[in-house]
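> I'd like to ask you about the structure that follows.
Values in this text are rule-based calculations from the coordinates and carry no lab data. From a predicted model like this one, the values you see are computed outputs, not experimental measurements. Positions of Cβ are backbone-derived with ideal geometry, glycine not excepted, and every protein chain shown enters the neighbour counts.
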Amino acid sequence: MRNNTPRTQLLRALLQSVDDSGPQQLMKLTGLVGQTIGEAVRSQLFGLSTVPPKDAEALMLAIGGGADRFHALGVEHPKYRPTNQPDGSTVLYDAYGDMVSIVQKEMRIVHAKSITVVAPVVEVDAKTSLTLKVGKMIVTAESDVSITAKTIELNGQVTLGGPAGAGQPVAKLGSSTQVGGPVVGNVSTNVKVV
């Protein structure tokens, strides 16, 4: 006796193109030799949407065995997947070398060009320390800048009220001066006032 009950099928396929314009992401893939799968729905998790690159590998689920009811599952590209990660780690990555990794007690954000944070309020709460290592740093505030600390230490050339290197040296406590002229003794070599 023949069993006419529809059977679910699974097969592997290579991604050819993605249509990400609608409420569901649609994919065109190639499966078995000569088989083209068009407009397969990709099932994604809520809160995360990705667009895999061409030639990514997918597991195709044909619900009820119908070739017109394919769903793409677990799409990934072996060329771009980060490897050798420790047990329990999580890595969010793309095809351009950018990634956010959560490994044990450390989080790393890596980007080749820039990282922008946009929000009405941004607060960094570092209980122990905060270290910034930058080539050049520019702080622009539309209102006031307030720094409160037990001790503030500035190392390097400091210019107050103008461009770097401009202005006159600041007199140290007990400096000798000329009336209407510059400070002539005991001046700071690192701090200038414009």
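> Between ASP55 and ILE138, with labels modelled 7 Å along Cα→Cβ, what's the label distance in nm to one decimal, could you check?
A separation of 4.0 nm, rounded to one decimal place.
> Using 23 Å as the Cα-Cα cut-off, could you pick out the over-long pairs in LYS54/LYS105; LYS133/LYS192; LYS113/LYS192; LYS127/LYS150; LYS105/LYS133?
Beyond 23 Å: LYS54/LYS105; LYS133/LYS192; LYS113/LYS192.
> So what's the net charge close to LYS113: Lys and Arg +1, Asp and Glu -1, counting the other residues with Cβ under 14 Å from its Cβ? Let's see the in-between values first.
Values: positive: none; negative: ASP94, ASP98.
Summing Lys and Arg as +1 and Asp and Glu as -1 gives -2.
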